[in-house]
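Below: one structure, written as structure tokens.
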Amino acid sequence: MRLCIGLGTRPILRFICVAVIATAIAACSRGRQPEVTAEDLAQVRPGGIARQSYCPSVVRRRQNQGYPVYQSGFERDPKFLIYQGTITRTARECTSTENELIMRVGVGGRVLRGPGGSESITASLPIRVAVVGLSSEPIFSQTQAVSVVLADGQTSTSFSVVQENVTVPLTPDLNPRDLQVVVGFDIPLDEDGLQ
């Protein structure tokens with residue numbers, strides 16, 4: 001690059017000089033690159049060649065973003081709330097093969113101590129990750145339990161979990177752009193049909 005310094009204050013000449021040198025270096029190294037074949041790539045990732053693909057958006061189910069846990073017999077009474085989990089953020093990354101869309105879905109949030117929580121608390125949070133298409137029927141659905149400890153005197157703490165291998169078969173009648181990843185707490189219905 002020292003060759004380009006003596007060209008004065010004309011930036012275009014310096015730019016051309018740097019470009020010519022970079023092209024010459026690239027041409028010299030081109031002959032030493034090993035050739036990678038499709039078979040080599042297929043051996044690295046069985047089932048086909050991994051490639052970046054369309055990555056469906058992630059939505060949080062509004063009614064399943066909070067997970068309150070009460071003292072037994074005092075359900076829905078705020079004075080007896082032990083803790084509440086909340087989902088605050090999500091992330092995902094996708095790759096695909098010829099036959100599958102493979103995702104990693106991250107879910108993060110906070111656990112807040114309630115007035116009914118005593119000393120150290122171990123919160124158990126059931127987090128569901130589902131993939132749905134146009135029919136809203138799950139193509140993939142899995143719940144993962146996350147344990148979070150609130151130490152004595154600690155009012156809140158954060159948590160995060162990654163659901164690996166969220167896999168959707170790619171069929172001719174399935175457009176990946178019709179897919180949506182849905183996350184939320186897996187809250188069972190009570191005897192009144194309420195969550």
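No value in this document is a laboratory result; all are computed from the given coordinates. Here the structure is a predicted model, which is why all the values come from computation and not from measurement. So basically every Cβ, Gly included, is an ideal-geometry build from the backbone, and we count neighbours across all protein chains shown.
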How many nm separate the modelled label positions at residue 100 and residue 164, each set 7 Å beyond the Cα in the direction of the Cβ?
1.3
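Can you give the FRET efficiency for residue 74 and residue 187, using 1/(1 + (r/R0)^6), R0 = 22 Å, r = Cβ-Cβ distance, to the nearest 0.05?
Working: r = 17 Å, r/R0 = 0.79.
Efficiency at R0 = 22 Å is approximately 0.80.
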Kirkwood Rh (inverse of mean 1/r, distinct Cα pairs), the range 58-185, angstrom:
15.9
Using packing as a proxy for protection, rank 142-152, 98-108 so that the peptide with the highest average count of other Cβ atoms within 10 Å comes first.
98-108, 142-152
Among 179, 107, 69 the positive-end extreme of the charge dipole of the range 58-185 (Cβ point charges):
69
What is the extension gain from residue 144 to residue 57, computed as 0.36 nm multiplied by their sequence separation minus the C-alpha to C-alpha distance, in nm to one decimal?
29.3 nm
Can you compute 3J(HN,Hα) from phi for each residue in the range 69-86, using the Karplus curve 6.51 cos²θ - 1.76 cosθ + 1.60 with θ = phi - 60°, rounded to whole Hz and x for Gly and Pro?
10, 10, 5, 4, x, 10, 4, 6, 9, x, 5, 10, 5, 7, 7, 9, x, 9
